[in-house]
Amino acid sequence: MSAPETRMTRQRSVILEELRKIRSHPTADELYGIVRNRLPRISLGTVYRNLDFLVEVGEIVRLSSAGHAMRFDGDISRHQHVRCIHCGRIADIVYPLPAPSVDGIQEVEDFASIFASRIEFDGVCQPCAVAG
């Protein structure tokens, strides 16, 4: 079996550039529409595969929550998000709170270790609040 592809291809570079330009935390389908402006022949499957690769190598973050479409974030700095409970829109928290410490958490059934924590907030975005 051959080693997985690890180089930054033109397609990966364009996907990464476009994702880092926007703050809307797009879905793969939304990003596909944006990337096609620069790479008209790219397929949706290629976008999905390259997003998976970029997540695996730590260049982007995958944001997933039950009941909502998976979204992606090109900003890998430490920050938190708020998600609209109506439409699923995600926004960055400008002044993030410190993540809860995992120090002292011991013996959780079926877990060998706990090494990180994160906070995600729920809310209602302005367009959903106005639509009421």
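Any read-out appearing in this document is the output of simple, stated calculations on the displayed coordinates, not a laboratory observation. Because the structure is a prediction, the values reported are computed rather than measured. Heads up, the Cβs are rebuilt from the backbone with ideal geometry, glycines too, and the neighbour counts pull from every protein chain shown.
Details
- Rounded Å value of the spacing that divides the Cα centres of segment 109-128 and segment 19-62: 23
- Extension reserve of the Asp75-Arg36 stretch, reckoned as 0.36 nm per residue once the Cα distance is removed: 11.9 nm
- Relative contact order of segment 80-130, defined on C-alpha pairs under 8 angstrom at six or more residues apart (%): 51
- Taken over the Cα atoms of the chain, the convex hull encloses 172 Å³ per residue.
- The modelled label-to-label distance between Ile119 and Ile93, using points 7 Å beyond Cα along the C-beta direction, is 0.4 nm.
- Potential lengthening of the chain between Arg62 and Glu17 amounts to 14.6 nm, from the contour at 0.36 nm per residue minus the alpha-carbon distance.
- Equivalent ellipsoid dimensions for segment 30-70 as semi-axes, Å, which come from the Cα gyration tensor, largest first: 20, 14, 8
- Loop sites in segment 66-132: trypsin sites (Lys or Arg not before Pro), DSSP, at most 13 other Cβ within 10 Å: Arg78, Arg118
- GluC sites (Glu not before Pro) within segment 1-77, DSSP loop, no more than 13 other Cβ atoms inside 10 Å: Glu5
- For the chain, relative contact order (Cα pairs under 8 Å, six or more residues apart, normalised by length) works out to 21 percent.
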